[in-house]
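Encoded as structure tokens, the structure appears first; notes follow it.
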Amino acid sequence: MKTRTFFLCLLAFCLTTVSSYASGWGDFRLNARFLTDRMAFELHLSTDQYNDLYEINYDFLTNVDPYLSGIAIADSRALDAYYRYLDERNDDLRWVLSNAEYIRFMGIEYFFRPIYAVNSVCYLRIYQVYPNRNYFYFGPPRHYLTYRGGHCRAHFGGASFYRRNYPLRYHHPVYSRPCRISPQLRPKDFARPKPGNRPPKGNHWQAARPGHRPAPNGRPEYRPVQRPNNRPQARPEARPQRRPESQPQRRPETAPQRRPATRPQARPNKGTTVKPAQNRSRQNQRKEVSNDRKSLSKRL
């Protein structure tokens with residue numbers, strides 16, 4: 001009898017574990033415990049707060065799981081459902097955390113907005129800060145294996161279970177301001193995928209031109225093989241003139257003559273003939289000498 005009950009309990013535990021791993025998150029209990037463990041460590045929570053916080057995080061992850069595929073591609077309906085459950089989760093935390101603890105909680109992004117998407121896949125931000133998923137600061141919650149969403153708002157007509165039991169368990173001041181996520185933070189959490197990341201829905205194609213092969217999909221910068229008749233010319237037939245014809249020429253066609261066309265005659269040497277003016281003066285002297293001689297001969 002004992003062995004039969006043991007095998008039945010083991011089978012039930014395996015079924016719950018397999019159902020949790022079949023979802024996109026993996027094990028809900030492990031993720032909820034890891035997130036709760038880090039929140040209790042950084043916010044310095046008590047044991048009662050630790051147990052209630054685990055229930056709130058578990059309910060949030062199980063409610064969001066059906067919308068993961070739409071959240072990953074930034075679907076509007078899935079995002080509306082996600083932020084509705086996130087606002088309910090943050091509102092339940094107001095009755096578990098004190099005013100000072102809740103203000104610190106809102107200032108930590110991986111606690112206040114725990115989910116984000118990259119390349120159409122959803123992740124928990126807590127694993128970016130704490131990559132070692134096998135280490136825990138505290139032991140498992142009191143009802144780690146037995147809690148299955150009994151305190152979710154769906155069982156209380158949309159009302160908060162923790163708000164109803166707040167006077168019985170807690171006596172700290174409650175954060176009274178609205179705690180909803182601003183719509184401006186949606187593009188930061190779930191950016192829409194780029195046009196080139198997803199394949200087109202329809203067959204968008206164009207008729208190929210004659211003599212050219214269409215480029216296959218998935219090969220960037222594909223160049224079809226060109227035939228000899230279609231080879232481009234290496235150089236154009238006539239090069240364009242660099243300067244227009246109407247532009248005035250900077251330099252004249254013929255350079256100005258710096259020297260005169262005829263050079264002055266060089267001075268004659270001693271053995272050469274004398275200039276015409278000098279010849280005339282010598283002839284006159286000779287005539288005068290001859291006249292003087294003639295006059296002397298007449299006198300004698």
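The values are calculated or read from the model by the stated rules, or taken from the named source; none is laboratory data. All values derive from a computational prediction rather than experimental measurement. Cβ placement follows ideal geometry from the backbone for every residue including glycine, while neighbour counts extend to all protein chains displayed. Side chains included, ligands, DNA and RNA excluded: accessible areas come from the protein's heavy atoms. Shrake-Rupley method; radii C 1.70, N 1.55, O 1.52, S 1.80 Å.
Amide H contacts under 5 Å for C122: none, restricted to partners 5 or more places along the chain or on a different chain, H placed in the peptide plane at 1.01 Å from N. Computed in the context of the full set of protein chains, the accessible area of the stretch 111-158 at 1.4 Å probe radius has 53% of its extent on carbon or sulfur.
Measuring nothing but protein heavy atoms, the accessible surface of the stretch 48-110 at 1.4 Å probe radius is 47 percent carbon and sulfur. The 3J(HN,Hα) values that the Karplus relation (6.51, -1.76, 1.60; θ = phi - 60°) gives for the stretch 83-95 are, in residue order, 6, 5, 5, 5, 5, 5, 5, 5, 6, 5, 5, 4, 8 Hz. Gly and Pro appear as x. For the stretch 30-43, 3J(HN,Hα) computed residue by residue from phi via the Karplus equation (6.51, -1.76, 1.60; θ = phi - 60°) reads 5, 5, 5, 5, 5, 5, 5, 5, 6, 5, 5, 6, 7, 9 Hz, glycine and proline entered as x. Local charge for Y170 was computed over the other residues whose Cβ lies under 10 Å away, with Lys and Arg +1 and Asp and Glu -1, and equals -1.
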